[in-house]
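These notes are about the structure you will find just below.
The values are calculated or read from the model by the stated rules, or taken from the named source; none is laboratory data. Quick caveat: nothing in here was measured; it's all calculated off a predicted structure. Virtual Cβ from ideal backbone geometry, glycine too; neighbours counted across all protein chains shown.
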Amino acid sequence: MNNKEQKDKNTVETEQTLKLINRRTLTITGVTDTDKFDEGKVLLYTCLGELLVKGKDLRVSSLSVETGDMVIEGEISSIQYGDSKVTGPMSIFGKITK
């Protein structure tokens, strides 16, 4: 693999996009992990940190661990970034010391 291919590979791993269509379908790239989700909220982690999606009748319709892509459908009312340094759920020790 040459330097350009290596650089392109690294860029893809750290790039993140959000695409919201009519407040009903949210496509997210750069997803590293999910913490919890229900019909009212989805808490996930991206290469840029925590991301909280709120709404009604939310469901994760697609999730690819290999590519880091996720699709959330439902009535989306809020998209909020959290701590940019947190890219995955905290361990029990991390939660105690926070």
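Miscellaneous remarks
- Within segment 68-86, no residue that is at pLDDT 95 or above and among the basic types (K, R) sits with its Cβ atom under 9 Å from a residue that is in a strand (DSSP E or B) and surrounded by fewer than 12 Cβ atoms within 10 Å (Cβ to Cβ) at 6+ positions apart or across chains.
- Condition check for K19: in contact with a strand residue (DSSP E or B) (Cβ under 8 Å, 6 or more places away or on another chain), surrounded by fewer than 10 Cβ atoms within 10 Å (Cβ to Cβ) and either at pLDDT 90 or above or of a type in the set (D, E, K, R) (or both): no
- Within segment 43-58, the set of residues being crowded, with 17+ Cβ neighbours inside 10 Å and within 12 Å of T29 (Cα to Cα) comprises L44, Y45, T46, L51.
- Screening segment 56-82 for residues that are part of a strand (DSSP E or B) and of a type in the set (D, E, K, R) and picking the one that is farthest from R23 (Cα to Cα) gives D69.
- Cross-chain or 6+ apart pairs with Cβ under 9 Å, segment 44-55 first and touching a residue at least 24 places away in the same chain (Cβ under 8 Å) and assigned to a loop (DSSP other than H, G, I, E, B), then surrounded by 16 or more Cβ atoms within 10 Å (Cβ to Cβ) and of a type in the set (G, A, S): C47/G30; C47/G68; L48/G30
- In segment 1-30, the residues that are farther than 18 Å from E50 by Cβ form Cβ pairs under 8 Å with partners that are modelled with pLDDT under 85 and part of a loop (DSSP other than H, G, I, E, B), at six or more places apart or across chains, as follows: K9/M1.
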